[in-house]
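Read the structure below first, then the notes.
The values are calculated or read from the model by the stated rules, or taken from the named source; none is laboratory data. Computed from a predicted model, the values in this text were never measured in an experiment. Using ideal geometry, Cβ is built from the backbone for each residue, glycine included, and neighbour counts are taken over all protein chains shown. Please note that ligands, DNA and RNA were not included when accessible areas were found on the heavy atoms of the full protein model with its side chains. Shrake-Rupley method; radii C 1.70, N 1.55, O 1.52, S 1.80 Å.
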Amino acid sequence: KTVAIVGCPFRGGQPKLGVDKGPIHLVEAGLVDQLKELGWNVKFDGHHQFEEISAADDPPIGKLKNPRLVSKVCESVAKVVGGHAENGELPLTLGGDHSLAMGTISGTLKAHPDACVVWIDAHADINTAETTDSGNIHGMPVSFLIGIGEKVSEFAWVKPALKTNRIVYIGLRDIDAGEKRILRENNIKAFSMHHVDKYGIGKVVEMALDHVNPNRDLPIHLSFDVDALDPSVAPSTGTPVRGGLSFREGHYICEAIWETGLLAALDIMEVNPSLADGEGVAQTVAVGCSLARSALGETLL
Ligand SMILES: N[C@@H](CC/C=C/[B-](O)(O)O)C(=O)O
Ligand SMILES: [Mn+2]
Ligand SMILES: [Mn+2]
Ligand SMILES: [Mn+2]
């Protein structure tokens, strides 16, 4: 089996510097060799170089910031991820901010139209152009993927290919009012940290998969935003929120998804190596690598 690492040094979906350095830190922590150790044939053709669009050429559209840049980058990522998936490889996208998931999931759905999405995050990332307060597009990718909200012509390439019953969230705890309404109105299944506390992570993952993959026969795209983890576990990330997943809960999710044998694509997003102190950065990068390993077959026994 081949895993294709797609390094995406991109920060245009959010304002903090440094998240574009996530991929290089993850690779330099030894991720390629770690995956080879697990028996994977690893394809890594270097980090993608995204063409810049100057701020002067990319004024906000409504509230949306860097819209043309985000759109262009995500469109190219969709082609790359879709290409790897169509080659029968497993694309492992390293972010970079979570707006990239507009590209990765579009790519996966092109190769696997019946794929379901397991979205691990403190946030729902489902704001539309109308509901966003920040205008940061890393808070919006899911709305484009399911095709809700006013159309933004720059994003016309994003097909509404994700059905609302094919996505499930785990780890939510910082949702905007508009997003709560969208989740409710679209009957989108979401397991917050309340549910994790109430049922335990094992039951939550089972219920999540029962919802999006009842017969365990659909390919799974796992999109993991490291801010789903508690900030004590992954401090170096742009939008940390207290009360998150423990180290083990995060890794359990990845192990359980691997156990299904249905993993088709993986995103490890929002590692920003420029925010915490040295120890916190090393810890966050190491957890990004270990989550990837767990999702790709590393077991404890
Ligand atoms: N909901 C907030 C936060 C978005 C967080 C995005 B992240 O999950 O990708 O970190 C916003 O819309 O700005
Ligand atoms: Mn490539
Ligand atoms: Mn996110
Ligand atoms: Mn998040």
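To keep it simple, each residue is scored yes or no on (1) open to solvent by 10 Å² or more (accessible area, probe 1.4 Å); (2) under 14 Å from L266 (Cβ atoms); (3) aliphatic (A, V, I, L, M); (4) touching a Gly at 6+ places or on another chain (Cβ under 8 Å).
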| site | (1), (2), (3), (4) |
| --- | --- |
| R68 | yes, no, no, no |
| G83 | yes, no, no, yes |
| L94 | no, yes, yes, yes |
| D97 | no, no, no, yes |
| L100 | no, yes, yes, yes |
| T104 | no, yes, no, no |
- [ ] Return the only residue of D267, D217, D225, D277 being modelled with pLDDT of 95 or more, within 25 Å of P113 (Cβ to Cβ) and surrounded by fewer than 18 Cβ atoms within 10 Å (Cβ to Cβ).
- [x] D217
- [ ] Any residue in the range 218-229 that's more than 14 Å from P141 (Cα to Cα): show its pairings with residues that are within 16 Å of ligand 2 (Cβ to nearest atom) and of a type in the set (S, T, N, Q) at Cβ separation under 9 Å, as long as the two are six or more apart or on different chains.
- [x] P219/T108; H221/T104; H221/T108
- [ ] Filter the range 24-38 for residues that are in contact with a helix residue (DSSP H, G or I) (Cβ under 7 Å, 6 or more places away or on another chain), assigned to a helix (DSSP H, G or I) and open to solvent by 30 Å² or more (accessible area, probe 1.4 Å) and give the result.
- [x] H25, Q34
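So that you can scan it fast, the table gives a plain yes or no per residue for (1) small (G, A, S); (2) within 18 Å of the chain's Cα centre (by Cα):
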{"position": "G178", "(1), (2)": "yes, no"}
{"position": "N187", "(1), (2)": "no, no"}
{"position": "S192", "(1), (2)": "yes, yes"}
{"position": "N215", "(1), (2)": "no, no"}
{"position": "I220", "(1), (2)": "no, yes"}
{"position": "V233", "(1), (2)": "no, yes"}
- [ ] Among the residues of the range 13-23, write down those that are under 15 Å from T93 (Cβ atoms) and either in contact with a strand residue (DSSP E or B) (Cβ under 7 Å, 6 or more places away or on another chain) or assigned to a loop (DSSP other than H, G, I, E, B) (or both).
- [x] G13, G22, P23
TODO: Quick one: count up the residues across the range 232-252 that are buried (at least 18 other Cβ atoms within 10 Å of the Cβ) and either among the hydroxyl-bearing types (S, T, Y) or under 14 Å from L172 (Cα atoms) (or both).
DONE: 10
Task: Residues satisfying the stated conditions in the range 106-132, i.e. over 15 Å from V226 (Cβ atoms), of a type in the set (V, I, T) and within 12 Å of ligand 3 (Cβ to nearest atom) - done: I126
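Specify the residue that is surrounded by the fewest Cβ atoms within 10 Å (Cβ to Cβ); the eligible residues are those in the range 1-13 that are within 16 Å of ligand 3 (Cβ to nearest atom) and within 14 Å of the chain's Cα centre (by Cα).
R11
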Open item on the list: Among the residues of the range 83-96, are any closer than 20 Å to I146 by Cα and within 16 Å of ligand 3 (Cβ to nearest atom)?
Closed with: no
Open item on the list: Regarding the range 49-60, can at least one residue be identified that is within 20 Å of P9 (Cα to Cα), surrounded by 17 or more Cβ atoms within 10 Å (Cβ to Cβ) and β-branched (V, I, T)?
Closed with: yes
TODO: Please find, within the range 130-188, the residue that is farthest from P67 (Cα to Cα) out of those that are open to solvent by less than 30 Å² (accessible area, probe 1.4 Å), of a type in the set (S, T, Y) and not in a loop (DSSP other than H, G, I, E, B).
DONE: Y169
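Pick from K43, K79: which is open to solvent by 70 Å² or more (accessible area, probe 1.4 Å), farther than 15 Å from M102 by Cα and among the basic types (K, R)?
Exactly one residue qualifies, and that residue is K43.
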TODO: Filter the range 98-122 down to residues that are away from ligand 2 (no atom under 16 Å from the Cβ), of a type outside the set (A, V, I, L, M) and out of contact with any strand residue (DSSP E or B) (no Cβ under 7 Å at 6 or more places or on another chain), then give me how many there are.
DONE: 3
TODO: Run G135 past the list (1) touching a His at 6+ places or on another chain (Cβ under 8 Å); (2) more than 15 Å from ligand 2 (Cβ to nearest atom) and report the number of the one that doesn't hold.
DONE: (1)
